[in-house]
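K.L.:
What follows is a single structure, and I will ask about it in a moment.
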Amino acid sequence: MDIVDDLRRNGLRNTKCRTAILDILEQSDQPVAADRLFRELNEKDITVSFSTVYRTLEALTDKKLVTKLIIAGEDKALFEYNRMGHRHYLICLGCKRILAIEHCPLEGYEETLKKETDYVIAGHKLNIYGYCPDCQKNE
Ligand SMILES: [Zn+2]
Ligand SMILES: [Zn+2]
């Protein structure tokens, strides 16, 4: 997927900051917090303020290029590149490690629900929480 086309199609100006943010998110296999994006941008010599990073993320979220993820027990929102389809995550409550679950367990259930309720199903959000093997050992 071409990021510049993505931006253009969505009526966003192709600024360096936006492109770089999308670039980082697309290459990350994990959702990323705004402050980490801010650090990575500065490492790439893209000098922007934290509030610019945050505003850009909000704009990209509005345009549905980026998905905002709120995780229980975390005060920071995480952001991920909005790939076709969606992902679920297994989140460790101890070390906050996040594992992407490739398989969607709810696809069949959406169909069933649609038939049972006559709703048009628009989607779902699901994250699973637990303790990873390392955190279990440290208990
Ligand atoms: Zn853990
Ligand atoms: Zn799913």
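K.L.:
Let me confirm something: among Arg55, Arg97, which residue is within 30 Å of Ala20 (Cα to Cα), more than 14 Å from ligand 2 (Cβ to nearest atom) and outside the structural domain of Gln27 (by TED's automatic domain parsing)?
P.N.:
Arg97
K.L.:
Does Glu58 satisfy being away from ligand 1 (no atom under 16 Å from the Cβ), among the acidic types (Asp, Glu) and open to solvent by less than 80 Å² (accessible area, probe 1.4 Å)?
P.N.:
yes
K.L.:
Additional query: Looking at region 61-84, I want the residues that are in contact (Cβ under 8 Å) with a residue 40 or more places away in the chain and have a partner that is small (Gly, Ala, Ser) and open to solvent by less than 80 Å² (accessible area, probe 1.4 Å) with Cβ atoms under 6 Å, at least 6 apart or on another chain. Which pairs are those?
P.N.:
Pairs found: Lys76/Ala33; Leu78/Ala33.
K.L.:
Under the condition of being under 18 Å from His124 (Cα atoms) and basic (Lys, Arg), which residue from region 83-103 is surrounded by the fewest Cβ atoms within 10 Å (Cβ to Cβ)?
P.N.:
Top of the filtered list is Arg83.
K.L.:
Across region 104-132, which residue is most open to solvent (accessible area, probe 1.4 Å) among those that are in contact with a strand residue (DSSP E or B) (Cβ under 8 Å, 6 or more places away or on another chain) and away from ligand 1 (no atom under 16 Å from the Cβ)?
P.N.:
Pro105
K.L.:
Can you tell me which residue in region 100-139 is farthest from Val66 (Cα to Cα), limited to those that are away from ligand 2 (no atom under 13 Å from the Cβ) and in a loop (DSSP other than H, G, I, E, B)?
P.N.:
Glu139
K.L.:
Then there is this: Among the residues of region 81-103, what is the count of those that are acidic (Asp, Glu) and within 10 Å of ligand 1 (Cβ to nearest atom)?
P.N.:
Here the count works out to 0.
K.L.:
Moving on. How many residues, within region 61-82, are buried (at least 20 other Cβ atoms within 10 Å of the Cβ) and more than 21 Å from Leu126 (Cβ to Cβ)?
P.N.:
1
K.L.:
Next question, about the same structure. Residue under question is Gly94, and the condition is that it be under 23 Å from Cys135 (Cα atoms), out of contact with any Leu (no Cβ under 6 Å at 6 or more places or on another chain) and either small (Gly, Ala, Ser) or assigned to a loop (DSSP other than H, G, I, E, B) (or both); does it hold?
P.N.:
yes
The values are calculated or read from the model by the stated rules, or taken from the named source; none is laboratory data. Not measured: the values here are computed from a predicted model. Neighbour counts run over all protein chains shown; Cβ positions are idealised from the backbone, glycine included. Accessible surface areas use protein heavy atoms only, side chains included; no ligands, DNA or RNA. Shrake-Rupley method; radii C 1.70, N 1.55, O 1.52, S 1.80 Å.
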